[in-house]
1. Hey, any hits in the range 116-133 for a residue that's within 24 Å of the chain's Cα centre (by Cα), basic (Lys, Arg) and modelled with pLDDT under 85?
2. What do you reckon, is Asn223 out of contact with any strand residue (DSSP E or B) (no Cβ under 7 Å at 6 or more places or on another chain) and over 26 Å from Glu131 (Cβ atoms)?
3. Output the residues belonging to the range 177-222 that are in a loop (DSSP other than H, G, I, E, B) and more than 31 Å from the chain's Cα centre (by Cα).
4. For the range 1-83, which helices (runs of 4 or more DSSP H) that fit wholly inside it have 3 or more residues that are more than 22 Å from Thr113 (Cα to Cα) and under 34 Å from the mean Cα position of the chain (by Cα)?
5. Among the residues of the range 10-40, what is the count of those that are at pLDDT 80 or above and charged (D, E, K, R)?
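The values are calculated or read from the model by the stated rules, or taken from the named source; none is laboratory data. Please read all numbers here as calculations on a predicted model, not as lab measurements. Reconstructed Cβ throughout: ideal geometry from the backbone, glycine too, with neighbour counts over all protein chains shown.
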Amino acid sequence: MEENKRIDERKVQLMDILLKDEPLSTEDEALSVCCSMDSPEGAELCAVFTDDELLELLRVTARRLDHSPAQGEVHWLLRQYLRSRFRNWPGTLRAAGLSRAAGRGGLSCEETTRKEQEVMQMLSRVREAAESLGRIPHPSGLPEVCQTLRKRYQTWGQVLAAADVEQAVAGGLRKADDLEEEDRQRLGQLRATAQKLNRAPLRSEIEEELRTPLIRRFGSWRNVLYQVDLEPVQRISPFVNAPLRREESRSRATHRGDLYDCHYRLLRLEPETAADLELVRRLAEELGHTPHRREVSAEVRRRLQEACGTWSNALFQLGLQE
């Protein structure tokens, strides 16, 4: 208890030092040296700071300078703590929402804020498109977004993750309550195919004469599946290889038509598969984390990979991630 109190008091003292906009006293400098990451006390003290607290100290420095700080413009101890948490200085600035164009020649805080707001607006447009379409939007449908975000993100997949499109798509799904007999027959055919595959079918697995009228009627393939309570096959990293900077000679980014790198829910479990999954679930509870492959017997892992397609998809059935 006393030790925790001492660390907390030292943390408050150190924050005051790092926030000062004036030359430090000899006493303050001595305290900074004691808190260096080179010492056990410094490493312990650094661990007490949250990422947000360290980044806010950096933002305070940026506001005082009116630009993203270069490394030499940040108190050496704060720089040391930040570098222990983040991979490099550009990554640190990005995490703090600051421009990577650091130093006096970089963007002012006002310009950085404006650019950050612009990024947030573009991500909002991606979410709105996902909700409106009822599916993940294609980059070709949002050229202005791609143009604006290509300095922040390298691929469309990274944009989708930042915009949290999966949640937006789910919010746009709607059950139709005015089904006609023809609709019911088509949905029945879809349900029969799903039962045969033991999962939701891909668009490409449904013949055009059935697929086209269903999409026309319900708006998107996801919403078609939603009518019969099916979750779509999900690409773990959608559009991961679709760059935002696309040359004219490059072909249009497309969805893959296979189940590689996918998660999908099995509609029924064979008794042996259910027992193997229960074994993995109990093991996860005992270990306190998702079991690594080597922590599961080779025979159980082999059976689950055969039943679920991949080890990752086996874990998906349990709500676990590798």
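1. The initial filter retains those residues of the range 116-133 that are within 24 Å of the chain's Cα centre (by Cα), namely 116-133.
Filter once more, so that each one left must be basic (Lys, Arg): 125, 127.
Now drop any that are not modelled with pLDDT under 85, which leaves none.
No, the conditions are met nowhere in the range 116-133.
2. On the way: out of contact with any strand residue (DSSP E or B) (no Cβ under 7 Å at 6 or more places or on another chain): yes; over 26 Å from Glu131 (Cβ atoms): no.
Judged against the criteria, Asn223 is not a match.
3. Asp177, Asp178, Leu179, Glu180, Glu207
4. Values: elements: 2-19, 26-34, 40-48, 51-65.
Counting at least 3 such residues, we get 2-19, 40-48.
5. 4
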